[in-house]
1. Can you tell me how many residues in region A:132-147 are outside any loop (DSSP other than H, G, I, E, B) and either farther than 30 Å from B:Leu84 by Cα or without any contact (Cβ under 8 Å) to a residue 40 or more places away in the chain (or both)?
2. Does A:Leu185 count as within 21 Å of B:Leu89 (Cβ to Cβ) and at pLDDT 95 or above?
3. Could you check how many residues of region A:60-90 are at pLDDT 95 or above and in a helix (DSSP H, G or I)?
4. Take the residues in region B:230-245 that are assigned to a loop (DSSP other than H, G, I, E, B) and touching a helix residue (DSSP H, G or I) at 6+ places or on another chain (Cβ under 6 Å), then tell me which one is nearest to ligand 2 (Cβ to nearest atom).
5. Would you be able to say whether some residue in region B:199-209 is more than 15 Å from ligand 1 (Cβ to nearest atom) and either among the hydroxyl-bearing types (Ser, Thr, Tyr) or more than 26 Å from B:Met479 (Cβ to Cβ) (or both)?
6. A:Asp154: surrounded by 14 or more Cβ atoms within 10 Å (Cβ to Cβ), within 11 Å of chain B (Cβ to nearest Cβ), assigned to a helix (DSSP H, G or I) and charged (D, E, K, R), yes or no?
7. Return a yes/no flag: does region A:129-149 have any residue that is within 11 Å of chain B (Cβ to nearest Cβ) and not polar (S, T, N, Q).
8. Read through the list (1) touching a residue at least 60 places away in the same chain (Cβ under 8 Å); (2) more than 16 Å from ligand 1 (Cβ to nearest atom); (3) outside any loop (DSSP other than H, G, I, E, B), then give the number of the only condition that B:Glu156 fails.
Amino acid sequence: MSQPDNTSRRAFLRNTFTLIPTVGLAGGVSLTAKAAEAPPNLSDYQPAFFKSDEWAFLLAACDRLIPGESEGKGPGALDTNVPIFIDRQMDSPYGHAERWYMQGPFVLDGSPDLGFQYPYTPRDVYQKGIALTQAYCQKQYGKRFEQLDAATRDQVLQALEANQVDFAALGETQKLEASEFFSSLLENTKEGYLADPIHGGNKHMASWKMLGFPGARASYRDWVDQHNVDYPLGPVSLTGERG
Amino acid sequence: MAKQQPRVDAVIVGLGWTGSIMGMELTEAGLNVLALERGADRTNEDFAYPKPADELEYGIRHTMMQKPKQAAVTIRRDLNERALPQRKLGAFLPGDGVGGAGAHWTGVLIRPTPTDLQLKSFADQAFGKGVLQDDMQIQDFGVTWDELEPHFTFFEKVCGQSGTTGNLNGEIQPGGDPFEGPRSEPYPLPALQDTQNTEMFDKAAKQLGYHPFPNPSANVSRAWTNPYGMQLGPCNYCGFCSRYGCLNYSKASPQTCILNALKQRSNFAYRTNANVTRVELAPDGKTATGVTYIDEHGEEVFQPADMVVLASYALNNVRLMLNSGIGAPYDPVARTGVVGRNYAYQIGGGIHMYFDDIEFNPFATAGATGRMFNDFSPGNFDSAQYGFIGGAKMHSSQASGTPIKTPLPKTAPKWGQGYKDALRKHYGHHMKLSMTGSVMSYRSNMLDLDPTWKDPYGMPLLRMTFDWKQNEHRLSAFMRDRLREIADVLKPDYRDESFNLEGSHFKVTSYVSTHNVGGAAMGTDPSTSAINRYLQSWDVHNVFVPGGNAFPQNFQANPTDLIGALTYWSAKKIREEYLKNPGPLMAQS
Ligand SMILES: Cc1cc2nc3c(=O)[nH]c(=O)nc-3n(C[C@H](O)[C@H](O)[C@H](O)COP(=O)(O)OP(=O)(O)OC[C@H]3O[C@@H](n4cnc5c(N)ncnc54)[C@H](O)[C@@H]3O)c2cc1C
Ligand code: SF4
């Protein structure tokens with residue numbers, strides 16, 4: 001599989017909608033925000049930050065980090081627009097490391113317990129991390145990451161996670177380590193999967209429905225003393241979508 | 001030449017908890033007071049529903065908190081390591097903007113014990129020679145329970161503290177903490193509702209002979225009007241509390257409890273986006289003439305004032321003192337100086353437990369929800385036989401159930417289908433047993449100015465030298481064993497634990513707590529404390545420094561009840577004595 005199959009994914013999402021009953025909003029919760037615009041289809045989305053070859057990597061990686069229904073129960077990262085979330089994060093204060101301390105000197109031989117020290121914003125980490133991983137895949141398999149089969153993609157991700165891909169040997173000069181790139185990618189993937197849909201991922205609150213998290217309801221005075229019972233209401237989002 | 005503003009009677013640096021309290025007290029005394037806050041203005045309207053219910057924005061991206069870009073801390077674990085800047089927030093999350101960390105704290109509002117305030121005296125009496133580490137430098141606070149008690153009581157009324165009284169004027173009360181110091185009045189409000197985990201913890205703890213009681217809370221359980229006429233609404237257990245602004249006027253904060261009353265006073269004003277870089281001193285160095293700050297346009301401004309209150313949070317207060325030359329900087333080798341001495345922190349640890357068949361509904365909770373017991377605070381058990389001093393509050397708290405932070409068993413796959421399966425299986429089926437432990441002060445745990453890195457205004461960053469020591473490792477091991485006994489009673493389907501045991505070092509990357517204390521300790525001896533027992537600088541008498549910085553070491557619980565009480569205590573002395581006759585409130589020798 002070279003590209004995620006978006007037609008079947010759309011079909012899947014249609015199915016989820018009929019399978020998961022939508023529950024009306026509980027009395028007492030008033031949402032002031034207006035209803036959300038429908039989230040885009042991943043296949044129609046034009047990334048603002050990622051170039052097309054980077055985007056292909058991102059889709060193929062997210063699909064392995066949180067696979068879709070084809071592998072087992074629960075929506076996947078692509079079903080829930082996680083790559084769109086990551087693309088949008090790249091243009092947020094986070095992506096630009098706007099609030100972080102980015103002054104030199106950058107001392108690169110300290111203990112990892114003192115936190116990251118490379119001079120890179122998350123945007124840089126993605127650009128460099130993707131390019132280095134692609135260089136590794138070319139060297140190892142003579143293919144780009146997204147051209148590998150699922151099992152091989154998993155092997156590459158495992159190698160990144162275990163820091164067995166030597167980024168320095170592939171040309172990295174500021175000690176960005178494969179495991180650091182991997183953990184950013186995994187962290188952002190989970191964020192996109194589980195955050196409010198207002199940030200671009202968690203399409204139709206699919207992950208919240210799976211967990212039983214009621215989202216932005218934020219009002220449980222009547223529920224807090226009901227112990228060890230299933231909470232019956234579906235989630236609501238910050239923009240008033242109900243699930 | 002810096003721009004100059006008209007003189008005020010008192011300038012307050014920082015408008016969080018301590019700054020708001022001082023603002024109230026000093027305006028009440030008739031002074032013209034100006035507060036300078038480096039961050040943005042924030043009112044209750046900024047926390048209107050549904051805005052705060054956004055885990056990514058507030059729980060993960062730290063949108064309300066100190067920007068390392070503006071004020072990073074460099075950190076090393078010992079005097080020989082090269083300190084490196086903490087480039088993004090991690091272990092602690094200081095506040096930024098009006099309300100400070102008080103706008104997004106959890107709201108566990110708990111007193112220390114009378115013994116905690118006199119820990120050195122207790123140690124001298126209860127521990128034989130050679131039991132404790134010889135590089136430990138614990139001290140008494142220099143203020144007693146009886147002196148502070150009225151101020152705890154008042155601050156707790158300001159906050160609408162909710163809980164169960166344990167000791168009323170020496171009479172032990174059912175359901176409360178039998179080890180608490182005598183209160184002059186009961187808790188203002190009854191305790192928060194129990195949740196599934198608190199019920200289970202309560203039962204197990206009692207079965208083992210402990211004395212559990214509801215976490216004392218500043219998330220109010222009922223409608224409350226405080227002494228300033230500010231009204232709080234009953235908490236609705238919204239589940240977005242710790243790290244979030246309250247969407248319901250229910251969490252005590254400078255916004256909900258003080259600021260609207262303060263802003264109505266004509267002798268109070270505040271400016272935001274005003275980052276104070278230093279306190280200016282008169283040529284003789286004995287008094288402050290005002291402060292210099294950078295305004296929103298990046299311009300340097302001098303603000304003259306007769307009195308300066310540093311209310312910028314423990315770490316920032318110490319940095320401002322060091323950058324301004326107030327008091328002698330601590331030197332851990334020569335063992336001289338006091339500013340930066342006795343920096344301490346809080347140690348955590350706990351057991352995650354997973355129960356396949358129990359629904360905890362962790363999203364339906366208040367920040368402070370939980371039960372704790374105090375059977376293991378100093379003086380309540382014999383820790384000398386285990387070779388450590390200090391204690392821990394043992395608790396099961398459930399501050400939120402937001403999904404990105406879902407804990408999973410250590411053995412669960414981190415990604416792939418297995419991760420998804422684990423999320424589905426364990427979300428909502430988890431409860432935690434925790435210890436929140438004291439941290440003593442040591443010769444080499446300290447704060448000073450970093451020799452290399454600077455902030456955007458050219459001022460040196462604060463450098464923190466801190467690590468866990470043997471005493472805290474031993475304490476953790478002891479408390480771990482006790483928590484394991486509770487877990488054995490509860491019989492979870494899975495459990496795993498994390499404790500800071502022998503050989504483990506301080507890591508700056510994951511959250512520990514925002515209970516940074518010490519560094520400008522209070523006391524009665526100017527050779528071991530930076531401020532006297534009224535929080536007044538020993539060296540520059542018109543500078544007062546309320547905050548966690550005053551603690552000579554940390555006790556086994558959350559600091560803000562004590563910080564608030566100390567601030568009122570200091571304000572009382574300023575109002576009753578200092579203003580009539582400005583000068584040192586305590587003799588130097
Ligand atoms: C997530 C979290 C949970 C917490 N939970 C609890 C809890 O449950 N119980 C508890 O007791 N404590 C808790 N705390 C700690 C509590 O918030 C602090 O103890 C308390 O806010 C300290 O009050 P303060 O006035 O010293 O500092 P703050 O309330 O933080 O106020 C300091 C203010 O000074 C400003 N400032 C700093 N430097 C400058 C400068 N140079 N110029 C101008 N302004 C400046 C800051 O922007 C800030 O607004 C928690 C903290 C956090 C972050
Ligand atoms: S849990 Fe209660 S106090 Fe905390 S933010 Fe929600 S409503 Fe406010």
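The values are calculated or read from the model by the stated rules, or taken from the named source; none is laboratory data. In this text the structure is predicted, and so the values were computed from the model without any measurement. Here Cβ is always computed from backbone atoms with ideal geometry, including for glycine, and neighbour counts include all displayed protein chains.
1. From region A:132-147, those outside any loop (DSSP other than H, G, I, E, B) are A:132-141, A:145-147; that's our starting set.
In the following step, the residues that additionally are either farther than 30 Å from B:Leu84 by Cα or without any contact (Cβ under 8 Å) to a residue 40 or more places away in the chain (or both) were identified as A:134-141, A:145-147.
Residues meeting the conditions: 11.
2. Values: within 21 Å of B:Leu89 (Cβ to Cβ): yes; at pLDDT 95 or above: yes.
So A:Leu185 passes the test.
3. So the answer is 14.
4. Within region B:230-245, the first condition is being assigned to a loop (DSSP other than H, G, I, E, B), and the residues that meet it are B:230, B:233-237, B:239-245.
If we keep only those that are touching a helix residue (DSSP H, G or I) at 6+ places or on another chain (Cβ under 6 Å) too, we end up with B:230, B:243-245.
Details: B:Met230: 14, B:Arg243: 10, B:Tyr244: 6, B:Gly245: 7 Å.
Step by step, filter region B:230-245, then rank; the result is B:Tyr244.
5. Here is the first cut: in region B:199-209, the ones more than 15 Å from ligand 1 (Cβ to nearest atom) are B:199-209.
Among the residues that remain, those that are also either among the hydroxyl-bearing types (Ser, Thr, Tyr) or more than 26 Å from B:Met479 (Cβ to Cβ) (or both) are: none.
Looking for residues that are more than 15 Å from ligand 1 (Cβ to nearest atom) and either among the hydroxyl-bearing types (Ser, Thr, Tyr) or more than 26 Å from B:Met479 (Cβ to Cβ) (or both), one finds none in region B:199-209, hence no.
6. On the way: surrounded by 14 or more Cβ atoms within 10 Å (Cβ to Cβ): yes; within 11 Å of chain B (Cβ to nearest Cβ): yes; assigned to a helix (DSSP H, G or I): yes; charged (D, E, K, R): yes.
So A:Asp154 fits the description; yes.
7. Let us first name the residues in region A:129-149 that are within 11 Å of chain B (Cβ to nearest Cβ), namely none.
No: zero hits.
8. Going through (1) touching a residue at least 60 places away in the same chain (Cβ under 8 Å); (2) more than 16 Å from ligand 1 (Cβ to nearest atom); (3) outside any loop (DSSP other than H, G, I, E, B) one by one, B:Glu156 breaks only (2).
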